[in-house]
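The values are calculated or read from the model by the stated rules, or taken from the named source; none is laboratory data. Predicted model only: the values in this text are computed from it and were never measured. Positions of Cβ are backbone-derived with ideal geometry, glycine not excepted, and every protein chain shown enters the neighbour counts. Keep in mind that these areas ignore ligands, DNA and RNA; they rest on the heavy atoms of the full protein, side chains included. Shrake-Rupley method; radii C 1.70, N 1.55, O 1.52, S 1.80 Å.
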Amino acid sequence: MTERGGQDEERTFAALAPVHGRGFAQTWWGRAWLKALEDAALDAGQLKEGRRLARAGAVGAVAVRPGRVTAVVQDRDGTAHRADVLLQELSDEHWHRFLGMAAERSGHIAALLDREMPPHLVEDAATAGVDLLPGLGDLEAECDCGAWDHCGHTAALCYQVARLLDQDPFVLLLMRGRAERALLDELQVRSAAPEAEGWSAPESPQEGLDAAEAYAAGDILPPLPEPPGLPAEPGLPPSLDTEVPPGPGVDAGTLEFLAARTAQEAHRLLAEALRDGHDQQAVEAEPTPDQDAVRLAAGDPEPSVAARLAEGSGRGREGLVLAVRAWRYGGAAGLAVLDEEWPVPAEPLARARAALEAAWDDDERPRLRPAHNRWTVVGGSAQLRLGRDGRWWPYRRERGRWAPAGPAAHDPATALASVDTEP
């Protein structure tokens, strides 16, 4: 990959080499970019054509600038089309919030310099009211082929951009409106002078107001300050290692673990509650005792605690290891796919078969043996499982058992390509 204009408001990346037999996005933020494309696309056939063109190396040099990426894409017959994908730039106010948040946490800056975009950076930005990653309908398409929605050319460009994002998340930040050098310079200034702009200490102590006067002037007084923001990390529970021995049947180590996990879960729930649009989201179902046992086991407890969770859940040690892996890939939905084998009704089955047909060209499609919601690669050690929400989950054969091999994907080819057959 080469580029020019790295200090300017535009970067140009040389055409990427053809690629076969793998997913286009390896990072979680690259997959989030593709999810925004695939969830909004109205024609699965155009997505399939876009993947074919991208894999064949039909996408030329990619120009990235604020609000837009552009490339020339060649059809199978060699006809060239200019394809553009548009993403709304962040406002000055949004950039002010993002830069203020990032400057307060040195780990965010270090991650960006390492060409990483950790989930907590995106989560902290969302808490500040800034959506870095595109969502449903955010990727707008323009192509001189005349298509009014995403065509094969704009889809191919999106798949190539996912590969660029894997290598450098600053590509996304440039699309959102800030070049790398300018962004880093401003972060450096903010880190060196963390005081809020325009703030100065009062020259003399401020006198208070009579309570009755303050109440009478309530409509003209300035608003109350914003409530404190979300703490950067969950709090640490007190240690139970004291000189007083615990009572009969009380395991101090287990209680400390449960308290720590409760603090982490409370921090997560509070972060969710503070996000814009939280009141529009469906209320999460209460976890079942089995789900809660797996969630706790995913917190890397001490061996004695893990043994109690394995026994209490009825899964045993090896079964709990698989359940924890499924939970880390997809929470309750991932755990359900691990446990449930269900007959797919006619309509979802037809959609699933159509997705499988569209995911590969005829000469590349693997042979799959269906059994309820599970499709196993004939002669291989990989399997696709269909979730009740229509997503595909990759599985791999390990020591005689099917084990989760990655997060879900809307595209079965992407899910299958993520299976490493050599664990």
Subject >> Any pair with Cβ under 6 angstrom, 6 or more apart, that starts in the range 108-126 at a residue that is closer than 17 Å to residue 94 by Cα and ends at one that is open to solvent by 20 Å² or more (accessible area, probe 1.4 Å) and outside any helix (DSSP H, G or I) >> reply: 126/275
**OP:** With the checklist (1) under 23 Å from residue 357 (Cα atoms); (2) surrounded by fewer than 20 Cβ atoms within 10 Å (Cβ to Cβ); (3) at pLDDT 90 or above; (4) among the aliphatic types (A, V, I, L, M) in hand, flag the one item residue 54 doesn't pass.
**Re:** (2)
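Among the listed residues 248, 289, 223, 231, which satisfies the condition of being over 20 Å from the mean Cα position of the chain (by Cα) and modelled with pLDDT under 80?
Numbers: 248 fails: modelled with pLDDT under 80; 289 fails: modelled with pLDDT under 80; 231 fails: modelled with pLDDT under 80.
Within the list 248, 289, 223, 231, the selection yields 223.
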Subject >> Subset of the range 90-109 [more than 19 Å from the chain's Cα centre (by Cα) and among the small types (Gly, Ala, Ser)] >> reply: 91, 100, 103, 106
Subject >> When residues of the range 371-381 are limited to those that are closer than 21 Å to residue 348 by Cβ and among the polar types (S, T, N, Q), the one most open to solvent (accessible area, probe 1.4 Å) >> reply: 376
Subject >> Residues of the range 291-305 classified as open to solvent by less than 30 Å² (accessible area, probe 1.4 Å) and more than 20 Å from residue 334 (Cα to Cα), total >> reply: 2
Original post:
So which residues in the range 71-85 are in a strand (DSSP E or B), open to solvent by 20 Å² or more (accessible area, probe 1.4 Å) and among the β-branched types (Val, Ile, Thr), if there are any at all?
Top reply: 72
Original post:
Which one of these is crowded, with 22+ Cβ neighbours inside 10 Å and touching a residue at least 12 places away in the same chain (Cβ under 8 Å): 152, 137, 177, 129?
Top reply: 152
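Name the one entry in 384, 368, 320, 338 that is open to solvent by 20 Å² or more (accessible area, probe 1.4 Å), free of Cβ contacts under 8 Å to residues at least 40 places away in the same chain and aliphatic (A, V, I, L, M). Give the derivation first.
Values: 384 fails: open to solvent by 20 Å² or more (accessible area, probe 1.4 Å); 320 fails: open to solvent by 20 Å² or more (accessible area, probe 1.4 Å); 338 fails: free of Cβ contacts under 8 Å to residues at least 40 places away in the same chain.
The unique qualifying residue is 368.
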Original post:
Hey, does the range 99-116 have a residue that's more than 25 Å from residue 269 (Cα to Cα), at pLDDT 90 or above, open to solvent by less than 20 Å² (accessible area, probe 1.4 Å) and among the aliphatic types (A, V, I, L, M)?
Top reply: no
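Criterion first (open to solvent by 10 Å² or more (accessible area, probe 1.4 Å) and in contact with a helix residue (DSSP H, G or I) (Cβ under 6 Å, 6 or more places away or on another chain)) does residue 92 satisfy it?
On the way: open to solvent by 10 Å² or more (accessible area, probe 1.4 Å): yes; in contact with a helix residue (DSSP H, G or I) (Cβ under 6 Å, 6 or more places away or on another chain): no.
Criteria not met by residue 92.
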Original post:
Mind checking whether some residue in the range 36-48 is at pLDDT below 95, assigned to a helix (DSSP H, G or I), of a type outside the set (S, T, N, Q) and closer than 19 Å to residue 174 by Cα?
Top reply: yes
Subject >> Residues of the range 387-410 classified as open to solvent by 40 Å² or more (accessible area, probe 1.4 Å), part of a strand (DSSP E or B) and closer than 23 Å to residue 30 by Cα, total >> reply: 0
